[in-house]
Amino acid sequence: MSEQKRVVGFIGGSGVYRADALQNAERIEIKTPWGDPSDALMRGRINGADVVFLARHGAGHRLPPGAVNYRANIDAMKRAGVTDLISLSACGSFKEELPPGSFVIADQFIDRTSGRDSTFFGPGFVAHVSMAHPVCPALATAAAESCAALEIPHAMGGTYLAINGPHFSSLAESKLYRSWGCDVIGMTNMPEAKLAREAELPYATVAMVTDFDCWHEKEGPVEVSKILAVMAENTKNAARLIDDLTGRLGATRTPSPLGIETTLDMAVITAPDARDPDLVGKLDTVAGRFLAR
């Protein structure tokens, strides 16, 4: 497999609003056909590798999960040249063995969100991408190796349950999700992971545990004040992880073992002469490789 230039994209969630390790940082404003991304992107270098960073909730945490323009964020990352995408996000835990402060490199999702724009495609240009394996194993493995090297408590693999928010779960919901065998709960990785796959971007997520949701009898209900205390330490570890993981991935890459970079070859069903020209135009970057064949 031939090597290509790598550009690592990081989407920082709650508590992760910047990448302090960025050298020669440049603020770039990107407009997309889907609207504005959450904030300006920051582009620079870490350990000799090109990096692009985006704060998912915007500067000062202005955007709740349901107001994040996930399509614009993913489109902007691809327009910025990103080849590999890492999500960093706060989450609650359903497992005793995943206490606050743990990082979970999730490899599966259950999507309980609704009302969010979850696809770039639609009437006039139909595509059905596979989400059987939503996370790039090469990126996930590198993230786990970084956690191990940095001695950050972590778990490789796990199911991330995505809810709309902004409310936390009821006790009944928390017990139900726990009974399903879910590992963590969050509000942002869906539809982000789906859109990354449609954009042919290898994606991995590092879910940073801040609480036990509300199922844990001794811990009690989730409170923002408690979360913020844990989040401060998680944010420090996230900064260390960004630095180490970028160096570990390096400046060059080989294709994802899942063949994510050619996803649309097996997903688009609409015949070329039946495609809506307006939608095709909006997909100039997301589906640029496919449309240029």
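The values are calculated or read from the model by the stated rules, or taken from the named source; none is laboratory data. Quick caveat: nothing in here was measured; it's all calculated off a predicted structure. Ideal geometry is used to build each Cβ from the backbone, glycine not excepted, and the neighbour counts take in all protein chains shown.
Residues in the stretch 26-48 that are surrounded by 19 or more Cβ atoms within 10 Å (Cβ to Cβ), in contact with a Lys or Arg (Cβ under 6 Å, 6 or more places away or on another chain) and in contact (Cβ under 8 Å) with a residue 60 or more places away in the chain: TRP34 only.
Every residue, every condition in (1) in contact with a helix residue (DSSP H, G or I) (Cβ under 6 Å, 6 or more places away or on another chain); (2) aromatic (Phe, Trp, Tyr), yes or no:
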| site | (1), (2) |
| --- | --- |
| GLU151 | no, no |
| LYS175 | no, no |
| MET187 | yes, no |
| TRP215 | yes, yes |
| ALA238 | no, no |
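Does ARG79 fit the bill of being closer than 28 Å to HIS167 by Cα, among the charged types (D, E, K, R) and at pLDDT 95 or above? Even if it seems obvious, please write down each step before you answer.
On the way: closer than 28 Å to HIS167 by Cα: no; among the charged types (D, E, K, R): yes; at pLDDT 95 or above: yes.
Criteria not met by ARG79.
The number of residues in the stretch 221-245 that are of a type in the set (D, E, K, R), more than 17 Å from LEU150 (Cα to Cα) and either in a helix (DSSP H, G or I) or modelled with pLDDT of 80 or more (or both) comes to 1. Quick one: GLY15 ticks every box in (1) farther than 18 Å from THR246 by Cβ; (2) under 15 Å from the mean Cα position of the chain (by Cα); (3) modelled with pLDDT of 95 or more; (4) surrounded by 20 or more Cβ atoms within 10 Å (Cβ to Cβ) bar one, so which box is it? Checking GLY15 against (1) farther than 18 Å from THR246 by Cβ; (2) under 15 Å from the mean Cα position of the chain (by Cα); (3) modelled with pLDDT of 95 or more; (4) surrounded by 20 or more Cβ atoms within 10 Å (Cβ to Cβ), the one that fails is (3). All conditions in (1) surrounded by fewer than 15 Cβ atoms within 10 Å (Cβ to Cβ); (2) assigned to a loop (DSSP other than H, G, I, E, B); (3) among the small types (Gly, Ala, Ser) hold for ALA148, with the sole exception of (2). The set of residues in the stretch 117-128 being under 17 Å from the mean Cα position of the chain (by Cα) and either more than 10 Å from LEU195 (Cβ to Cβ) or hydroxyl-bearing (Ser, Thr, Tyr) (or both) consists of SER118, THR119.
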